[in-house]
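What follows is a single structure, written as structure tokens, with notes after it.
The values are calculated or read from the model by the stated rules, or taken from the named source; none is laboratory data. All figures in this text were calculated on a predicted structure; none of them were measured in a lab. Here the Cβ positions follow ideal geometry from the backbone for every residue, glycine too, while neighbour counts run over all protein chains shown.
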Amino acid sequence: MSAELRGVRSGRAIRAFEKIGYWVDRISGGHYVLKHQTKPPIVLPYHGVVKVGLLMSKIKDAGLTIEEFEKLLR
């Protein structure tokens with residue numbers, strides 16, 4: 001696991017997913033629901049840092065590797 005994933009704030013993670021075609025569909029409470037034409041939706045909390053386990057799960061749902069996601073963060 002990369003050290004870079006430990007400090008990813010939710011806004012930064014959302015922007016990374018937007019780079020591969022996700023968009024914010026709606027906001028429900030403190031969570032953003034991201035949609036994609038062909039991939040499953042992703043729900044991320046919009047407060048503070050996203051926990052590593054949750055982020056890794058969402059990266060997998062998006063069909064990305066950790067390395068690919070890290071490149072999107074740059």
Quiz prompt | Residue in the range 38-65 that is farthest from Leu5 (Cα to Cα), counting only those that are of a type in the set (A, V, I, L, M, F, W, C) and part of a loop (DSSP other than H, G, I, E, B) | solution = Ala62
Self-check item: Failed condition for Ser10, given (1) in contact with a helix residue (DSSP H, G or I) (Cβ under 8 Å, 6 or more places away or on another chain); (2) in contact (Cβ under 8 Å) with a residue 40 or more places away in the chain
Solution: (1)
Self-check item: Test: residue in the range 10-17 that is in contact with a His (Cβ under 8 Å, 6 or more places away or on another chain) and surrounded by fewer than 14 Cβ atoms within 10 Å (Cβ to Cβ)
Solution: no
Quiz item: When the range 26-37 is examined, which residues are found to be modelled with pLDDT under 95 and in a loop (DSSP other than H, G, I, E, B)?
Solution: Gly29, Gly30
Self-check item: Positions within the range 40-74 being more than 10 Å from the chain's Cα centre (by Cα) and of a type in the set (S, T, N, Q), in sequence order
Solution: Thr65
Quiz item: Does the range 7-25 contain at least one residue that is among the polar types (S, T, N, Q), over 18 Å from Gly63 (Cβ atoms) and assigned to a helix (DSSP H, G or I)?
Solution: yes
Quiz item: When the range 38-55 is examined, which residues are found to be crowded, with 16+ Cβ neighbours inside 10 Å and either farther than 14 Å from Glu18 by Cα or of a type in the set (S, T, N, Q) (or both)?
Solution: Tyr46, Val50, Leu55
